[in-house]
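A.B. asks: If you scroll down you'll find the structure; I have some questions about it.
Read-outs throughout are calculated quantities, based only on the coordinates presented, and are distinct from any laboratory measurement. These figures come from a predicted structure and were not determined experimentally. Don't worry about glycine lacking a Cβ; one is built from the backbone with ideal geometry, like all the others, and counts go over all protein chains shown.
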Amino acid sequence: MAIDMKVFLYNTLLLTIGSVICAFAVNAILVPSDFLSSGLTGFTLLLYYKWKVLPVGLFYLLLNIPVFLLSLKFINLRFVLYTAYGMFIYSAMLLLPSIQLQLPDKLLSAIIAGAISGLGIAIMLHSYGSAGGSEMICIIVYKLFGISVGTCSLLINAILLTISAFIFPLEDVLYTMVFIFVAARITDKVFHGLAKRRTVMIISDKWKNILNVLTKTHLFRVTLLSGKGGYHGNERPVLLSVVNSHHVPALKTSVIKQDPGAFIAIMDASDVTGEIVGNQPHW
């Protein structure tokens, strides 16, 4: 039970921090600059600018209700419940007054807002949920029609920007495109930066000793591959493992201790699917 509570607190903390950061970008920069956003937040701002009958946060919450109800049928219940929490926190933060950062340069505003929003989204991606919106729609579309989440997101944003081009000044629409691009890039960089993984390949005559240390002492998962020398043609096992980057120094030290002449190749592994070190989606 203690472990479950720890997991719950960790995920709600990530969702809270991420939601606060994303809401700050909207309230502090996007709204004062008359910019839109991506996804369902973008449609929320479109409705808000057109008919200011409700606050932004309430608009967002109402748009999410049908999406949330539909997601109960198609998406993992744990993901839906955590997303419900993130959605309410994000909506609540949008309702609160915020410091407005009215920068003199609109391009700079779009870039800074994108960086802030991208950071918030990346933090939420490490949790078991999200802040709702188009991500839920894209997951449902993926489950129903097999269209990837990234492709669906592009289509939603394309529709949003096309509609906006007929309603708002083209300049603001273009700045919104800058915001969306920067947010996507920052999300990608921060998300993979917070979860750096390394693929490690080890070749050594003392592979049995190394394998024993890695699996029994460090509890790493290791795969044995069949290797053959290109020059002498000698058969030799190759140890393959994917570990978090902070484990690399200890791994190298253990391998070199067993065999100072061991060959060790370490490569980036940004996208990994697996139970222990994977970054597969939680839905």
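A.B. asks: I'd like to compare 177-183, 248-254: which one has the highest average count of other Cβ atoms within 10 Å, and what's the full order after that?
C.D. replies: Going from most to least packed, we get 177-183, 248-254.
A.B. asks: While we're looking at this one, here's another question. Rounding to the nearest 20 debye, state how big the charge dipole of the chain is about its Cα centre with +1 on each Lys and Arg Cβ and -1 on each Asp and Glu Cβ.
C.D. replies: Magnitude of the dipole: close to 820 debye.
A.B. asks: To make sure I understand, if each residue's beta carbon is the centre and we count other beta carbons within 10 Å, what order do Tyr175, Tyr142 fall in, fewest to most?
C.D. replies: Final ranking by Cβ density, sparse to dense: Tyr142, Tyr175.
A.B. asks: How big is the gap, in Å, between the Cα center of segment 222-249 and the Cα center of segment 89-123?
C.D. replies: Comparing the Cα centres of segment 222-249 and segment 89-123, I get a distance of 46 Å.
A.B. asks: In square nanometres, what is the average projected area of the Cα convex hull of the chain?
C.D. replies: Taking a quarter of the hull surface, the average projection is 19.5 nm².
A.B. asks: Give me the three principal axis extents of segment 197-268 from the C-alpha atoms, as integers in angstrom, largest value leading.
C.D. replies: The Cα atoms of segment 197-268 stretch 35, 24, 19 Å along the principal axes, largest first.
A.B. asks: Return the Cα extents of segment 27-162 along principal axes one, two and three, sorted largest first, each rounded to a whole Å.
C.D. replies: In descending order, the Cα extents are 45, 31, 27 Å.
A.B. asks: Counting other beta carbons within 10 Å of each Cβ, put Leu36, Leu47, Leu62 in order, fewest first.
C.D. replies: Exposure proxy ranking, most exposed first: Leu62, Leu47, Leu36.
A.B. asks: Ranked by Cβ crowding within 10 angstrom, fewest neighbours first, how are Asp172, Asp205, Asp188 ordered?
C.D. replies: Lowest to highest Cβ neighbour count: Asp205, Asp188, Asp172.
A.B. asks: Then there is this: Looking at the chain as a GNM with Cα springs under 10 Å, which of Ile89, Ile167, Ile75 has the largest mean-square fluctuation?
C.D. replies: Ile167
A.B. asks: Continuing with this model, one more query. Just want the answer: with Cβ charges of +1 for Lys and Arg and -1 for Asp and Glu, which residue in Asn11, Ile121, Asn209 is farthest toward the dipole's positive end in the chain?
C.D. replies: Selected residue: Asn209.
A.B. asks: In whole angstrom, note down how far apart the Cα centers of segment 24-59 and segment 167-209 are.
C.D. replies: 26
A.B. asks: So, by mean Cβ neighbours within 10 angstrom, what's the order for 152-162, 93-103 with the highest one leading?
C.D. replies: The packing order, highest mean first, is 152-162, 93-103.
A.B. asks: Same structure again: Report the chymotrypsin sites (Phe, Trp or Tyr not before Pro) located in segment 197-274 that are in a DSSP loop and have at most 14 other Cβ atoms inside 10 Å of their Cβ, or state none.
C.D. replies: Listed in order of number, the matching sites are Tyr231.
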